[in-house]
1. Just how far, in whole angstrom, is region 282-318 from region 327-380 if you go by their alpha carbon centroids?
2. Among Gly90, Ala54, Gly251, pick out the residue whose Cα is farthest towards the positive end of the charge dipole of the chain, where Lys and Arg carry +1 and Asp and Glu carry -1 on C-beta, about the Cα centre.
3. Given contacts defined as C-alpha pairs under 8 Å and at least six residues apart, what's the relative contact order of the chain, whole-number percent?
4. To the nearest 20 debye, what charge dipole does region 79-171 have about its Cα centre, counting +1 at the Cβ of each Lys and Arg and -1 at the Cβ of each Asp and Glu?
5. Determine the dipole magnitude for the chain: charges of +1 sit on the beta-carbon of Lys and Arg, -1 on that of Asp and Glu, nothing else is charged, the reference point is the Cα centre, and the result goes in debye to the nearest 20.
6. Restricting to DSSP H runs of at least four residues, report the calculated mean residue ellipticity at 222 nm for the chain, -39500 (n - 2.57) per run over all residues, nearest 500 deg cm²/dmol.
7. Let me make sure I get this right: for region 216-379, a, b and c are the square roots of the gyration tensor eigenvalues over alpha carbons, sorted descending. Under 1.5 in a/c it's rounded, otherwise prolate if a/b > b/c, else oblate. Which is it?
8. Using a cut-off of 14 Å between beta-carbons, work out the net charge of the residues near Tyr67 (Lys and Arg +1, Asp and Glu -1, Tyr67 not included).
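Bear in mind these aren't lab numbers, they're just calculated from the coordinates by the rules spelled out. The model shown is predicted, which means the values in this text are computed figures rather than measured ones. Every residue, glycine among them, receives a Cβ derived from its backbone with ideal geometry; neighbour counts consider all protein chains shown.
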Amino acid sequence: MKRPVHRMPVSSRQTQKGAAFLILVFMLGVAAASVIVAAGPNANAQLAAAEKTASALATAREALMAYAASVPDSARLGDLPCPATSFANGQTATSCDTAASRIGYLPWKTLGLPDLRDGSGSPLLYAVSNVFKYNTRTGTLNSDTAGEFSVSGENAIAVIFAPGPALRTQDRNAATFNVVNFLELGNADGNATFTTGLETDNFNDRLLWITPRAFFPALETRALRVAQERLNHYVSVTNRYPRSNRYLIDGQCWDTGGRLPYAIGSNACLPGGNGATLGQWTMAWPNWFFLNYWDYVMHYAVSPKCIATSGAVCDQAGSFLTVDSQTNVRALLIRQGIPNGQTRPCSTVSQCLDDAENRNSDLVYVTPSAGNDRLTIIAP
């Protein structure tokens, strides 16, 4: 007599298979966790180094732009320091008149920074455009001035480099600085074109650069504040505003808006009286303002009611300027920003300003919405 065959219920077989699957998943999870744990410290270290590098580059960039915007009036607005020749010293070099001397160590002490290094512990490097170096100064520096460098096709005034660990034959302990001991490929060939890219066995540079669009707004704000102070002081002495000076022609007045008058000998756009001498401003200007043609990158407009040669302030016939819905504007300034496809220095208002309403030579202005112009009402 055959013994009966006891078959396992289907549900029991499925339960066992499920348990086996769970055990397999668990074992794979343990193996994966082991790999993650093994790789974790290295990955964390790489992330921390990358974050330190990014922070150091950003700190250096902000410090350089702050330095340029806050130089004393005896210097030149926009001056940038020369690189340091010694990282330990950290001070700007006395001069950097050659292309080779305009790339070197970031002058961290001059900038008021701590000992600033990248995530590998390497010192930051820095390159400055010729026109922007503080010594020896050359050319004209205002918001029409471009940098001499190109980084990935973008114009740059200055470039900060994080060199990363030394590669191949680089000698970071060499007595004399040589850029090839820190940077690779096109960044070390001595020309004005720099490159970025993914890290490879023969390239690990990290770059951050300063563009004119990032650099000039703070400088323009300071230059405009200087102009506003001088205009208001002139009115407090003379009871009138100066007339606009025609673009590019000193001493020729232009009643529909132009630029700030430059006091050179006798300038009819600067009426005298009440203690002010004809052709002179009544408050000293920083040397850098007119020497670097900051008057060429600002549009100045004044109400016909405010330019009479006698009487109280703005009590003459005519209309005030209008800005948007404000109809009692005595005078205004528009800082033009970097060139927006325009010819500079401009000889007509259409080459200077972006908004059609602001360049039609009437007394009505609007808050700029096109390009990068910025309007400031001087008074009231």
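1. 15
2. Ala54
3. 11
4. 180
5. Computed charge dipole of the chain: roughly 1520 debye.
6. Taking each H run of at least 4 residues, the total per residue is -9000 deg cm²/dmol.
7. Here region 216-379 falls in the oblate category.
8. Result for the neighbourhood of Tyr67: +3.
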